[in-house]
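Asks: Below is one structure. I have some questions about it.
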Amino acid sequence: MAAERTGSQDSMIEMDAQNNMTEKPAAYDPNSDFEAATIVPDPSERGTTSGKDSPAVNDEAVQDPNIVDFDGPEDMDNPMNWPMKKRWQNIAVISVLTIITPLGSSMFAPGIPRILAEFEESSSTVATFILSVYILGFAFGPLLVAPLSEIYGRSVMYNTGNVFFFIFTICTALSNGIPMMMAFRFLMGVAGSVPITLGSGSISDMMPVEFRGRAMAVWAIGPLLGPCIGPVAGGYLIRAAGWRWVYWLIAIVTGLIAVFTFFTLRESYAPVILERRAARLRKETGNPLLRSKLADNTTTPAEKLKTALVRPMYFLFRVPIVTLLSLYVAVTYGVLYLLFTTFSLVFGQNMLGSSYGFGEGEVGLVFIPSAIGMALGIVIFGAMSDKLVTQKISSGEKHKPEIRLTPFLTIPAGVTLPIGLFLYGWTTHYGVHWIVPMIGVVIFCFGLMGIMMACQNYLLDVYPQNAASVTAALAVLRSLAGALLPLGAIDMYIALGLGWGNSLLGFISLGLIPIPLLFFLFGERIRGVKKVPTATEA
C-alpha cells in the first residue's frame with residue numbers, strides 16, 4: 001500500500017525500477033506507449049503511467065505516501081499481471097457477448113417479407129430500414145458507452161448493456177406494428193453496441209502489444225460473424241415458428257449469458273481499479289488524502305464527463321489518421337450490409353433481375369459464404385499481424401504501429417474487395433450458378449477482414465490509452481454507413497443492374513486502396529499532428 005511505504009521501501013522501489021529498466025531489450029524506448037502495463041490516461045492530461053512495465057517511475061508516486069498505485073509485478077489487481085489463461089477467459093466472455101448482439105441485426109432478415117405482409121407494408125425502403133435501423137443504434141450507442149466506460153469502468157457497462165438489450169429484445173418480439181418494431185430495434189442496437197465498442201479497449205487493458213492481433217481476432221469473431229451466421233438459423237426458425245421467435249430466442253440466450261457475465265467478467269480498466277482501491281483504503285484507514293496515482297485532480301467530475309463525451313468525435317473529425325481509416329472501414333462495412341439487405345431480394349424474391357428463387361431457409365444459407373470469408377480473414381490476418389510485431393521486437397527493433405499496415409497485408413486485402421464485388425455482381429446479373437457469386441462473397445469478406453483488422457489494430461497501437469474512444473469513432477462512421485448505404489441499394493440496382501451496381505461499389509473500393517499505404521509511409525509523422533483533447537480544450 002502506497003500509504004504505508006517507508007523511506008527504506010522507497011529506495012527499494014527505486015532500485016527495483018532501475019533493475020527492471022536494465023532488463024529491457026535493446027529496442028526498449030522509455031517514451032514508448034507500448035511498454036505501458038495498462039491503458040493509462042494521456043500523458044498530456046495526467047503526466048503519469050502505471051504497471052509492472054511502466055517506463056518511468058513517477059517521483060510524486062514514490063515520495064507521496066498518499067498515492068495509491070499497483071504494488072509491482074506481483075499485484076494481481078493489475079490486469080497486465082493476470083495469468084494469460086485468465087486474460088483469454090475474459091476475452092472469450094466478451095467475444096460471446098459480441099456474437100449475441102449482432103445476431104439481432106440480421107437473424108430475422110429472411111423473414112422481412114412475412115413482416116411486411118403481416119403489417120400490410122409494401123415499401124421497399126421500409127423493408128430495408130427495418131434491417132438497417134438496428135445498425136443505426138450501433139452508430140449512436142458508442143458515443144455514450146465509450147466515455148462512460150472510461151469513467152465508471154468496463155464491467156459495469158457490459159452488465160448494464162446486457163440488461164437493457166434483454167429488455168428491448170422482448171419489447172421487439174411483442175411489437176404490434178412496424179413503427180414500434182423500428183423503435184425497439186434501434187434501442188436494441190444502442191444497448192447491443194456495448195461489447196462492440198468496449199472489446200478493443202478491454203483487450204488493450206489486458207494484452208501486451210505482441211498479443212493484441214490474436215486477441216482482436218478472437219474478439220472480432222462476434223461482430224463480424226454474428227450477422228453472417230444469424231440468418232442461417234433464422235431462415236429455418238422463421239419458416240417453422242414465425243419471425244417473433246427469432247427475438248424470443250435471442251432474449252433467452254441473452255438472459256443466460258447476462259447472468260454468467262455478471263459473475264465471471266472482471267474489471268480491466270486500470271484507472272477505475274485504482275480509484276476503487278483508493279476509496280476502499282480511505283474507508284479502512286480514515287485517511288481522506290489517499291488518492292489513485294491515475295486520478296485527475298485538476299478537473300471537476302463535470303469536466304471529466306464533458307471531455308470523455310467529446311473525445312470520440314474529436315478523434316473522428318480532427319485526427320486525420322482516425323478520419324481516413326474510419327472512412328475506409330465505413331465504406332467496406334457499408335457495402336457488406338448493402339449486400340446483406342439485398343441477399344433475400346437477389347436470391348429469394350427475384351426482384352432485381354436475378355433468377356435463383358430460393359426459399360426462406362435457403363436464403364439464410366446464402367450468408368454462410370460471408371462467414372467463411374471472414375473466418376479465413378480473421379485467422380490469417382490476425383496471426384500474420386502479431387507475427388510481424390513479434391519479429392520486430394525479437395530483432396531488437398522498436399515497435400512502431402505502422403507495422404500493422406504493412407503493404408503486403410493491406411494491398412492484397414484491398415484488391416480482393418473489388419475483385420469479389422465484380423465477380424458477385426456480374427455472375428448474379430447473368431444468372432450464373434449460385435456457387436460462383438458466393439465465391440465472390442467469400443473473396444470480398446476475406447479482404448474486408450484484412451482491412452478492418454489492419455486499421456483497427458493500427459489505431460489501437462497508436463492510441464492505446466484511449467482505445468474505447470477510438471473504437472467509438474470507428475463505430476460511428478462504420479455503423480452510419482452500414483445503416484444508410486443499404487437504403488439506396490434497391491434503387492441503385494434497379495437503375496444500374498446487379499452487374500454495374502456492384503461494379504460501382506468495386507471502383508469505390510479500388511480508389512480507397514492507397515489509404516493504408518499512405519499511413520504506412522507517413523503515419524509516424526502524421527500521428528504527431530493532433531493530440532488527445534484535455535478537459536479545457538474540450
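Asks: Report the label-to-label distance for Thr264 and Met313 in nanometres (one decimal), using points 7 Å from each Cα along the Cα→Cβ vector.
Replies: Spacing of the two 7 Å Cα→Cβ label points: 3.8 nm.
Asks: From the backbone phi of the range 504-516, what are the Karplus-calculated ³J(HN,Hα) couplings (6.51 cos²θ - 1.76 cosθ + 1.60, θ = phi - 60°) in whole Hz, Gly and Pro given as x?
Replies: With coefficients 6.51, -1.76 and 1.60, one gets 4, 5, x, 5, 4, 4, 5, x, 8, 4, x, 4, x Hz.
Asks: How many angstrom separate the Cα center of the range 410-486 from the Cα center of the range 129-196?
Replies: So the separation of the two Cα centres works out to 23 Å.
Asks: Here's another thing I want to ask about it. How big is the accessible area of Lys86 in square angstrom, nearest 10, if you roll a 1.4 angstrom probe over the protein chains?
Replies: Rounded to the nearest 10, the figure is 50 Å².
Asks: Let me ask something else about it. Given a 1.4 angstrom probe, what's the average accessible area per residue across the range 76-191, in square angstrom?
Replies: Ligands and nucleic acids excluded, the result is 35 Å² per residue.
Asks: Calculate, in nm to one decimal, what Lys387 and Thr285 gain on full extension: separation in residues at 0.36 nm each, minus their alpha carbon distance. Working shown, then result.
Replies: Values: separation 102, 0.36 × 102 = 36.72 nm, distance 4.78 nm.
Fully extending the segment from Lys387 to Thr285 adds 31.9 nm.
Asks: Turning to a different aspect of this structure: How much area per residue is accessible in the range 354-413 when the probe is 1.4 Å and only protein heavy atoms are counted (Å²)?
Replies: I get 40 Å² per residue for this part.
Asks: Describe numerically, in nm with one decimal, the distance between label points set 7 Å from Cα along Cα→Cβ at Phe507 and at Glu74.
Replies: In this crude spin-label approximation the distance works out to 6.7 nm.
Asks: Right, another one. With every protein chain left in place, what is the accessible area of Ser394 in Å² (1.4 Å probe, nearest 10)?
Replies: Rounded to the nearest 10, that gives 90 Å².
Asks: Shifting gears a bit: Check which residues have an amide H placed less than 5 Å from Val68's amide H, if you skip close sequence neighbours.
Replies: Result for Val68 returns Arg291, Ser292, Lys293.
Asks: Under a point spin-label approximation (7 Å from Cα along Cα-to-Cβ), what is the Asn66-Asp491 distance to one decimal in nm?
Replies: 6.3 nm
Asks: Separate question: Roll a 1.4 Å probe over the protein chains and send me the accessible area per residue for the range 197-278 in Å².
Replies: 33 Å²
Asks: With a cap of 16 neighbouring Cβ atoms within 10 Å, and only residues DSSP puts in a loop, list the trypsin sites (Lys or Arg not before Pro) found in the range 359-452.
Replies: Lys398
Asks: Please report the carbon-and-sulfur percent of the accessible area for the range 368-466; probe 1.4 Å, protein heavy atoms only, DNA, RNA and ligands left out.
Replies: The computed percentage sits at 77.
The values are calculated or read from the model by the stated rules, or taken from the named source; none is laboratory data. Being a predicted model, the structure only gives us computed values, none of them experimental. Cβ: placed from backbone, ideal geometry, glycine included. Neighbour counts: every protein chain shown. All accessible areas refer to the heavy atoms of the entire protein, side chains included, with ligands and DNA or RNA removed. Shrake-Rupley method; radii C 1.70, N 1.55, O 1.52, S 1.80 Å.
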